[in-house]
Amino acid sequence: MVAHLKDAGALWSEEWVRAFLTVPRHELIPNFLAILPGPEDNLILDEAKPDQKDLWLETAYRNVPAVTRTDGGGGYRSSSSAPATMAKMLEWLRIGDQDSVLEIGTGSGYNAALLSERLGAERVTSIDLQPDLIKEARDRLASIGYTPHLAVADGAGGYPDRAPYDRLICTCAVWPIPVAWRHQVRPGGRIVTVIPDGCMGLDVEPDRIVGNIHRDCFDFMRMQNYMLEAPADQELLARSNNEASTSRTLRYPFSILNAGGTLQHSFQALVSLIVTPACAGAVNEQQEPILFDLWSGSWARVSWRTGQVDQSGGRRLWDEIEDLFEQWCGLGAPNRERFGLTISADDRHTLWLDSQDSPHRWDLPVRRDQIVA
Ligand SMILES: C[S@@+](CC[C@H](N)C(=O)[O-])C[C@H]1O[C@@H](n2cnc3c(N)ncnc32)[C@H](O)[C@@H]1O
């Protein structure tokens, strides 16, 4: 696994290579649902089942996410993320030997184990909203010799008890960046967090936070209690069938969302930040995709059959997406890593291209009620 992570460019520093070589991932995920790539079927694996033991052990060291909790309705509640993704985030945290770290989203405890191996457990704090996960992670971590400070807490509020931290890493998707984090990470410190459809590395300065978007697409579960939950597909489809809408001819097909390359989906990243960070999607019986903005309740149904878009609600989502697409093409279709974010002391989130002084800047939508400390 480590050789693969190095070949893939996800892992390179001596210290993290040593940590990944040392921590036994399998000890933290005794049973899981493996999300396998491409045509392979997902696997449910359990160490306790003798006929699965070899495959379980082998899969624990593949670069695949291991889902450890589901919600019973097809959704995932916790997982040990794909090791390459974790390695990229840890490398991007630019950690120093003496740094203290807050991790949000303990999950299986694998990340907390890697951090403990790298820094010493006394420098590591990790929190999760789900008490049963914390209990299991604590027991399993102790059984392999790691005793970081674990607690049940809501990540949107950080964890003031052990602040300030030098580094904060959040392994569930969050938007906007919670204000508490800025107060709990010392100036000069760094935050690496998953956002909808991506990841940001942010440096904390005395009067603001500044950073960049990672070049890769990150697809993580959302932070509970903070990000709006997407309603079930049936509910979304019923709304799009019943609510009044207006119709017009498409300027561009739905596939513009994937423009910018299959892996990096640069344009999709901008849509997630500039148009709708709180997005849900569904597909109707005619195989037409429908996008919903959970904040405003607006939606857009894009039909490849009729070449029409139907839109409803206070915002015209597809108009905004097509306008942004033209703007992005006019800028030469920049890759997502050319975009950065500045969060001011009054919590305005501003996206920019290439530099903070760029003429190409966007004030991003944030819900004020969400970022209150
Ligand atoms: C992808 S998993 C984390 C994986 C973990 N870092 C590991 O190494 O296994 C995301 C986790 O975020 C947690 N989470 C979701 N919302 C949260 C919140 N508001 N506060 C703290 N944790 C939260 C979930 O319970 C879940 O365990």
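Take the chain, connect every pair of alpha-carbon atoms lying under 10 Å apart with a spring to form a Gaussian network, then pick out the residue of GLN311, GLN234, GLN130 with the largest mean-square fluctuation. Highest fluctuation of the listed residues: GLN234.
Antiparallel DSSP bridges in the stretch 138-296: what percent, to the nearest 5? Spell out each step's value before the answer.
Working: 16 of 22 bridges.
Taking every DSSP beta bridge within the stretch 138-296, about 75 percent pair in antiparallel fashion.
Between LEU353, LEU28, LEU228, the GNM of the chain built on Cα springs shorter than 10 angstrom shows LEU228 fluctuating the most. Can you give me the pair-distance distribution of the chain, C-alpha pairs, 20 Å bins, whole percents? Going from the shortest bin to the longest, the percentages are 27, 57, 15, 0. Of the chymotrypsin sites (Phe, Trp or Tyr not before Pro) found in the stretch 281-362, the ones in coil according to DSSP and having at most 14 other Cβ atoms within 10 Å of their Cβ are TRP304. Note on LYS49: lysines with a C-alpha under 25 Å away, same-chain residues under 8 apart excluded, are LYS135. For the chain, the share of DSSP beta bridges that are antiparallel, to the nearest 5, is 75%.
The residue list GLN268, MET227, GLY281 was ranked by how far each Cα lies along the charge dipole of the stretch 210-293 toward its positive end, using unit charges on Cβ atoms, and GLN268 comes out on top. Taking a quarter of the surface of the Cα convex hull of the stretch 245-373 gives a mean projected area of 9.0 nm². Computed from the C-beta positions of GLU58 and ASP346 and an R0 of 41 Å, the FRET efficiency is 0.20 to the nearest 0.05.
Applying both filters, DSSP loop and at most 16 other Cβ atoms within 10 Å, to the trypsin sites (Lys or Arg not before Pro) of the stretch 93-125 gives ARG94. When GluC sites (Glu not before Pro) are flagged only if DSSP places them in a loop and at most 14 other Cβ atoms lie within 10 Å, the longest unflagged stretch of the chain comes out as 41-228. Just to be sure I understand the curve: with the Debye formula and one point per C-alpha of the stretch 48-150, what is log10 I(q)/I(0) at q = 0.11, 0.12, 0.19 Å⁻¹? Normalising to I(0) and taking log10 leaves -0.36, -0.43, -1.04.
For the chain, the longest principal axis of the alpha carbon atoms and the long axis of helix 317-330 meet at an angle near 80°.
Straight-line reach from LYS6: taking Cα to Cα under 20 Å and skipping same-chain neighbours fewer than 8 places apart, the aspartates and glutamates in range are GLU14, GLU15, GLU58, GLU91, GLU117, ASP216.
Laboratory data are not the source of any read-out in this text; all were calculated from the coordinates shown. Bear in mind the structure is a predicted one, so any value in this text is a computation, not a measurement. Reconstructed Cβ throughout: ideal geometry from the backbone, glycine too, with neighbour counts over all protein chains shown.
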